[in-house]
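First comes the structure, then the notes that go with it.
The values are calculated or read from the model by the stated rules, or taken from the named source; none is laboratory data. These figures come from a predicted structure and were not determined experimentally. Reconstructed Cβ throughout: ideal geometry from the backbone, glycine too, with neighbour counts over all protein chains shown. When the accessible area is computed, the model is the full protein with side chains, heavy atoms only, and any ligands, DNA or RNA have been set aside. Shrake-Rupley method; radii C 1.70, N 1.55, O 1.52, S 1.80 Å.
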Amino acid sequence: MKIAISAKGTELDSTVDPRFGRASYFIIVDSDSGRILDVIDNSSGKEAPHGAGINAAALVAERGVDVVLTGRVGPKAFSVLSAGGIKVVSEMEGTVKEALERFLKEKPQYSKGPNGDGHFSG
Amino acid sequence: MKIAVASGKGGTGKTSVAVALTLSLNGDVTFIDCDVEEPNAHIFINPEITSKRDFYLEVPEIDEKRCNFCGKCREICRFNAIVSFKRTIMAFKDMCHSCGGCFLVCDQKAISPGKRLVGEILHGQGKGIDFFMGRLRVGEAMSSPLIKELKKEALSEKNGFFVLDAPPGTSCPVIKTVRDVDYVILVTEPTPFGLYDLSLAVKTIGELSIPMGVVINKAGLGIDDEIRNWCRKNHLRVLMEIPFSREIASSYSKGQSLVHADEGLKEKFLMLVKEISG
Amino acid sequence: MKEILVLSGKGGTGKTTLTASFAHLSKGCVIADCDVDAPDLHLLLRPRIEEREEFQSGVMAAVMEERCTGCGICEGLCRFDAIKVNDVAKVDEFSCEGCGVCAYFCKEQAILLKDRECGYFFRSSTRFGTLCHAELKPGEENSGKLVAHVKEKARKTCQEEGTGLLIVDGPPGIGCPVIASFSGVNYVVIVTEPTGSGLHDLERVISLSRHFKVPSSVVINKWDLNREMSKEIEKRCMELEAEFLGRIDFDENVVRALLEGKAITEFKDCKVSKSVANIWLKIQKKIQGGKSEPRKQ
């Protein structure tokens, strides 16, 4: 399974970026091996005046990701991820590694809808 | 003649002045409330609305069956209103600025014109005034296209006397309102806030090279001299001073016009109009 | 850290005056002026600017005249009437939305999209604490992006200084900048005045706070200008479950304080000053009571 985690840095020890659309990076990890497959740099996307979430969701969807772990997702980003068949677990905290472990161990519920409001409120 | 009434800051009495000026002219005047986010001139003019229409922006409607997922529309859209990935394409109507770029680049005829409600345009009559107002839909972010459309409709009769109530501030919707008017009246109050916000407004409207003058509202309340001196230094005419009075403030809060509280102001407004049209 | 957001809906209700007073009474806070359309807080706080940086958002078209052949394609395509061709194309920067259609279709590649310089961001010191504020260039608009930026800087400042309180002077209206100003807020104070439009705006701002699950409270400024309307507003607050914090008299001392560049609470013996102090006590109790969970970061 391919898992994308919104992160403030590029390593497994980096902190989870609570904002999905305006995250600095997305770290894509293979859940079986626990290895980083890819790092998406979202630094230009997160500076967009509007619609950063839409853009970020498309970036992630293009990579064939199965699950997104993040803090908050706005309504538009959520609908893009859903259209791409990607499941979302929100309210994630701590480091990328911790979020990943929590996801694999606790199997938290997938989000049924957005939990952010867009408009930089994330 | 088209006169816009503007002010850098909210709450200086911009709408009060615009309405009082209009009422002083005794009919044969068109009032256009361009403060579409918070239109409230109708509270004072109380017109009977005779027509109302919705205004839409043209936005993309995508036919997935025709789309070959080339990604050109996503690429040209700078507002993240279109996303595509793999064999999925989505349009977000409320992100769209209606630039038309996506229609132009699509060679599969997969994009057809859809629409997004921006707001409504109301037209009516009251107190001998031909009255127009725009009202932005709650949740709509773009007011400029509505202002443009409102002006187009209200100004379609080329001749006559028009008073435009501008939105507060100095940003894009204000510029849309004052563009191609003959004169801008800036309403300020004699406080440091008033002066500072006036200076911002003068800077903005100055860039458009439209003649302008100042009305000092709530005069006698503070730094009147400082405002007058500042105006003199910046070659701005002080057209009128409306003295501060508790009665006026109180009657405003009850939805009554300045000229209702002080009949004598009518004569002064007529003089003002004569002065700026002369 | 606790964060208080002061909002008003309509301009001119006394939001800035109250924000300055709260800052004075708090005896130690960081202040963020997010009312970038009418950034008047600095007139009361008289800041000394310590840090200044340029702020960009979006793009606009720029013509490289030496390449332009004046063919007029761009003018025909621009839906914003923002480009006009005489000998060469000229961009009207006020009208340009930065859509890039002109640049895309220019056969000579004579049009570039350059970053739009919107204004400046400042960090300053004041007698009540550090102030984070911004200034827009003429014709530029306040945006969620700028509000988010000012707030981010203010929060960082709180952390660096170890200050536990952030007071935010919010933008007017209920649009994108206001929505952006809600992030991380613990408590909202809405300043209104007793007019029909004041009530209308108040209802819209309360419903926004409810949407964000932030407790909101209401102050009626100049309440005695229309006592009936004030009563109606208090009643609406009850119905909408917003806490009613108090009334403030219409008083010319407020203008006098303004003229001296002071917060009204720096005027010791005036009634308004006492009303504001009482209101502040209530706010303090609320935010220290710990009942209000902050919105998650």
Task: Exclusive hit being open to solvent by 10 Å² or more (accessible area, probe 1.4 Å), touching a His at 6+ places or on another chain (Cβ under 9 Å) and not charged (D, E, K, R), set C:143, C:207 - done: C:143
TODO: Kindly indicate whether any position in the range B:68-76 is open to solvent by 70 Å² or more (accessible area, probe 1.4 Å) and in contact with a Pro (Cβ under 9 Å, 6 or more places away or on another chain).
DONE: no
Task: Hey, residue B:63 among the acidic types (Asp, Glu) and open to solvent by less than 20 Å² (accessible area, probe 1.4 Å) or not - done: no
Task: Among residues of the range C:146-182, those that are more than 30 Å from residue B:253 (Cα to Cα) and open to solvent by 10 Å² or more (accessible area, probe 1.4 Å), counted - done: 13
- [ ] Residues that are aliphatic (A, V, I, L, M) and over 24 Å from residue A:55 (Cα atoms): find the helices (runs of 4 or more DSSP H) completely inside the range B:60-158 holding 1 or more of those.
- [x] B:144-154
- [ ] Please determine, by comparing only the residues of the range B:208-241 that are acidic (Asp, Glu) and out of contact with any helix residue (DSSP H, G or I) (no Cβ under 9 Å at 6 or more places or on another chain), which one is nearest to residue B:177 (Cα to Cα).
- [x] B:224
Open item on the list: Step by step: first the residues of the range A:83-105, then only those that are within 14 Å of chain B (Cβ to nearest Cβ) and surrounded by 15 or more Cβ atoms within 10 Å (Cβ to Cβ), then the one that is farthest from residue A:37 (Cα to Cα). Which residue is that?
Closed with: A:83
Task: Residue among A:46, A:105, A:97 that is assigned to a helix (DSSP H, G or I) and within 30 Å of residue C:174 (Cβ to Cβ) - done: A:46
- [ ] Could you tell me which residue of the range C:210-253 is surrounded by the most Cβ atoms within 10 Å (Cβ to Cβ), considering only residues that are farther than 25 Å from residue C:184 by Cβ and basic (Lys, Arg)?
- [x] C:222
Task: Subset of the range C:224-256 (residues that are in contact with a Ser or Thr (Cβ under 8 Å, 6 or more places away or on another chain) and within 10 Å of chain B (Cβ to nearest Cβ)) - done: C:224, C:225, C:226, C:229, C:254, C:255
Open item on the list: Among the listed residues A:2, A:97, identify the single one that is touching a strand residue (DSSP E or B) at 6+ places or on another chain (Cβ under 7 Å) and either among the acidic types (Asp, Glu) or more than 26 Å from residue C:178 (Cα to Cα) (or both).
Closed with: A:2
Open item on the list: Condition check: surrounded by 21 or more Cβ atoms within 10 Å (Cβ to Cβ), touching a Gly at 6+ places or on another chain (Cβ under 9 Å) and of a type in the set (Gly, Ala, Ser). Does residue C:196 satisfy that?
Closed with: no
- [ ] Being under 14 Å from residue B:60 (Cβ atoms), buried (at least 20 other Cβ atoms within 10 Å of the Cβ) and modelled with pLDDT of 95 or more narrows it down to one of B:134, B:101, B:114, so name that one.
- [x] B:101
